[in-house]
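Everything below concerns the one structure shown next.
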Amino acid sequence: MAWAAGVAAVGPTRVFGQDLDDCTRWAFLSDTHVASDPDNRYRGFYPYRNLQEVAGQIACHPPDGVVITGDLARMRGEVQAYENLKTLLTPITEQRPVYLGLGNHDTHDDFAQAFKAGSGDVRTVEDKHVVTAVAGPMRLIVLDSLIADRAAGLLGSSQRMWLSSYLAGSDDRPTILFFHHRPQIDLLDSKRLFDIIEPMAKVKAVVYGHSHKFNFAQYKGIHLINLPATGYNMSGSQPVGWVEADLTSRGGRFTLHAIGGSRKYDGCTERLTWRS
Ligand SMILES: [Fe+2]
């Protein structure tokens, strides 16, 4: 199930561009933590206002699309929280697709109720919210690591099996995986995931959130990109904001846009080269 352009759109992979030499520009966000109450305040931040500001920035110069790697809702996903999220994202969704992943503060049922699936709904993986997109030279896959009532995450065997066969059947386009939990820390089946993707050279990076910390690392040549939170930080040394990603078949440039918290690295760009 994917949600795009202000409606719930479900089904096959969407294609944004065909030229493999193209650069595709995306906005990556995580941990928006929007509550049912727009005035909800936590750790000195107003997540609703933060996303309002970020959505305005993104909508001014819209990228090809947006991915949000979960913890969309503040404490626990409620329909009203998702309705607020939908409203906040409208300046973007009027222009570009937005792909939503789910985190441990989200709930499958309320999310599905707010972002109702359109006709042609195809459940890629039973009880999981999985989205795929092709964007110019890149393939993006948003996975679902949410386990109900648990802080830790799990992809689960059916999603891993689907991923394995989907990757095997896909072309060699550089591929980025997105999910909420941190590999090797909170994602309980990290080893099984890496057993699948490590031999598949087309998988270049995994992008996730959860920690509310902005960080780049590498594991067996696969880039591990931990997005900052949009809602609030857990430490004053961390930014609150979003990441602009310019992606090509050779690598990516990742630029931090900090709207709160530490602004030390605001505007700084990390350049990554994909493994071959
Ligand atoms: Fe979070």
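The values are calculated or read from the model by the stated rules, or taken from the named source; none is laboratory data. Model, not experiment: these values are computed from the prediction. Because the Cβ atoms are built from the backbone with ideal geometry, glycine has one as well, and the counts that use them run over all protein chains shown. Keep in mind that these areas ignore ligands, DNA and RNA; they rest on the heavy atoms of the full protein, side chains included. Shrake-Rupley method; radii C 1.70, N 1.55, O 1.52, S 1.80 Å.
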Among (1) out of contact with any Leu (no Cβ under 6 Å at 6 or more places or on another chain); (2) assigned to a loop (DSSP other than H, G, I, E, B) - the single one Tyr48 does not satisfy = (2)
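If you check Val243 against the conditions, is it at pLDDT 95 or above, assigned to a strand (DSSP E or B) and within 16 Å of the ligand (Cβ to nearest atom)?
Criteria met by Val243.
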request  = Would you tally the residues in the range 189-232 being touching a residue at least 40 places away in the same chain (Cβ under 8 Å), open to solvent by 30 Å² or more (accessible area, probe 1.4 Å) and not in a strand (DSSP E or B)?
outcome  = 3
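Right, Ala168: of a type in the set (A, V, I, L, M, F, W, C), more than 16 Å from the ligand (Cβ to nearest atom) and open to solvent by 40 Å² or more (accessible area, probe 1.4 Å) or not?
When the stated conditions are applied, Ala168 passes them.
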request  = Keeping to the range 49-80, report how many residues are within 13 Å of Asp31 (Cα to Cα), crowded, with 19+ Cβ neighbours inside 10 Å and not acidic (Asp, Glu).
outcome  = 11
query = Is it true that some residue in the range 28-47 is among the charged types (D, E, K, R) and in contact with a Gly (Cβ under 8 Å, 6 or more places away or on another chain)?
reply = yes
key: Yes/no for Ala258 being of a type outside the set (Asp, Glu) and either within 14 Å of the ligand (Cβ to nearest atom) or free of Cβ contacts under 8 Å to residues at least 60 places away in the same chain (or both)   = yes
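Is at least one residue of the range 187-202 within 16 Å of the ligand (Cβ to nearest atom) and farther than 17 Å from Thr124 by Cα?
Taking the range 187-202 first, the residues within 16 Å of the ligand (Cβ to nearest atom) are 187.
Now drop any that are not farther than 17 Å from Thr124 by Cα, which leaves 187.
Within the range 187-202, one or more residues are within 16 Å of the ligand (Cβ to nearest atom) and farther than 17 Å from Thr124 by Cα.
Test Asp149 against the stated conditions and say whether it is without any contact (Cβ under 8 Å) to a residue 12 or more places away in the chain, more than 16 Å from the ligand (Cβ to nearest atom), outside any strand (DSSP E or B) and farther than 25 Å from Asn50 by Cα. Step through it out loud before you land on a result.
Working: without any contact (Cβ under 8 Å) to a residue 12 or more places away in the chain: yes; more than 16 Å from the ligand (Cβ to nearest atom): no; outside any strand (DSSP E or B): yes; farther than 25 Å from Asn50 by Cα: yes.
Judged against the criteria, Asp149 is not a match.
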remark   = Quick count over the range 96-116, residues being open to solvent by 20 Å² or more (accessible area, probe 1.4 Å) and in contact (Cβ under 8 Å) with a residue 60 or more places away in the chain, is 5
message = Among the residues of the range 233-271, what is the count of those that are open to solvent by 40 Å² or more (accessible area, probe 1.4 Å) and at positive phi?
response = 1
